[in-house]
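**Q** This is the structure I want to talk about, given as structure tokens.
The values are calculated or read from the model by the stated rules, or taken from the named source; none is laboratory data. The structure presented is a predicted model; accordingly, all values stated were derived computationally and were not measured. Here Cβ is always computed from backbone atoms with ideal geometry, including for glycine, and neighbour counts include all displayed protein chains. For the accessible areas, the whole protein counts, side chains as well, though only heavy atoms, and no ligand, DNA or RNA atoms are used. Shrake-Rupley method; radii C 1.70, N 1.55, O 1.52, S 1.80 Å.
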Amino acid sequence: MASLTPTGLETITYGQQGWNAIVTANMQRLNAWLGKLLPLMDNRSRTEGAVPMWNADNGNWEHSNAVQSLQTELEALKSRVAALEAAAEGQPSA
């Protein structure tokens, strides 16, 4: 029998003894993964613009304000570029 990566699921061959224990262990692994993924599909658990991120410390999906942070950073960069362009226009050419 082989172990598949990255899932850790184990393969079985036809007629293999102990197949029931292997299938049971595979189902438990799949249930654990699905338990982590299903909350992502529930739109009631998300807020506007929130990006779900996995928190390994507590084993839950949490909201991240990554999109809002990027938008704020982009606006700050636009303002800085506009200020630099304005300053460059005001300089006499050499």
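**Q** Do you know which residues across the stretch 73-94 are closer than 30 Å to residue 52 by Cβ and modelled with pLDDT under 85?
**A** Matches in the stretch 73-94: none.
Yes/no matrix, rows are residues, columns are (1) at pLDDT 80 or above; (2) open to solvent by less than 70 Å² (accessible area, probe 1.4 Å):
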residue: 6; (1), (2): no, no
residue: 17; (1), (2): yes, no
residue: 26; (1), (2): yes, yes
residue: 29; (1), (2): yes, no
residue: 33; (1), (2): yes, no
residue: 43; (1), (2): no, no
